[in-house]
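Encoded as structure tokens, the structure appears first; notes follow it.
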């Protein structure tokens, strides 16, 4: 088939097409509204979408997207991209579009001087990122349920972590398809399970109180992340594998050729750093 391959561009027409395609394939969620995608792709203060699209006879049939992020990496502030929306219409799967669009997207990110790609993949997509794009698997994310609060602490062991400031945190919390609260210094997000809130981030007080979030007391919390130093106030247990919708694997790709590997023992990664809530 004669697919037309093009860079992803933010426009009303494209945003509507992305919304239709993502909603058609990911039927278990309703979050891929035009409003959500405009927030995610166009309003991010770090930069707009870096992605690649495939069209057939003018119709969008595949889309591979990343959004810019800022990390502290071994003492340097570096810009990378977070890979997050990768989709192909069911009628066009198995034709190599996943590979073609992914390679084009990561090459475009490299051309734009982004220095790495980080992503969280499920069981279905992990092998593709490892085998076709040369990603390294850092670790499966920890998933814990419990009562109380997990307080991660950035220490000298954490040499890789995302940098949130007033502007970027304000943007992150404007997600039109999510609802956020605060419990003391913790940012919470509603989950699909009544009475259980996801713990997004333990935030600096100076940043958190600028967000204007409503206070919410929630004893039952879901924590997902990768932090080797944390204080647990309460009782948390690892979620059994059979209860997880899918294992969440954290992957990394160096685009610059100069970055030491992101390893489990030197990374600080919380829910706010990816797109689950």
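Quick look at the values:
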{"quantity": "Rough spin-label spacing in nm, given labels placed 7 Å along Cα→Cβ, for residue 174 and residue 24", "calculated": "3.0"}
{"quantity": "Gain on full stretching of the segment that runs from residue 33 to residue 123 - 0.36 nm per residue minus C-alpha separation", "calculated": "29.9 nm"}
{"quantity": "Distance between modelled label sites at residue 4 and residue 246, nm, 7 Å Cα→Cβ extension", "calculated": "3.0"}
{"quantity": "Amide N proximity, segment 66-87 versus residue 165 label position 7 Å along Cα-to-Cβ, cut-off under 13 Å", "calculated": "70-72, 77-79"}
{"quantity": "Relative contact order (%) - the chain, alpha-carbon pairs under 8 angstrom, separation at least six", "calculated": "21"}
{"quantity": "With Cα atoms, 0 to 90° folded angle of helix 123-133 axis to the chain main axis", "calculated": "60"}
{"quantity": "For segment 18-176: relative contact order, % (alpha-carbon pairs under 8 angstrom, 6 or more apart)", "calculated": "25"}
{"quantity": "Estimated 222 nm signal from helices in the chain, with DSSP H stretches of n ≥ 4 weighted -39500 (n - 2.57), rounded to 500", "calculated": "-6500 deg cm²/dmol"}
{"quantity": "Helix axis angle, 97-111 relative to the chain longest principal axis, alpha carbon, degrees", "calculated": "70"}
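Every number here is computed from the coordinates shown, using simple stated rules; none is lab data. Note that the coordinates shown come from a computational prediction; the quantities given were computed from them, not determined experimentally. All Cβ positions, glycine included, derive from the backbone under ideal geometry; neighbour counts span all protein chains shown.
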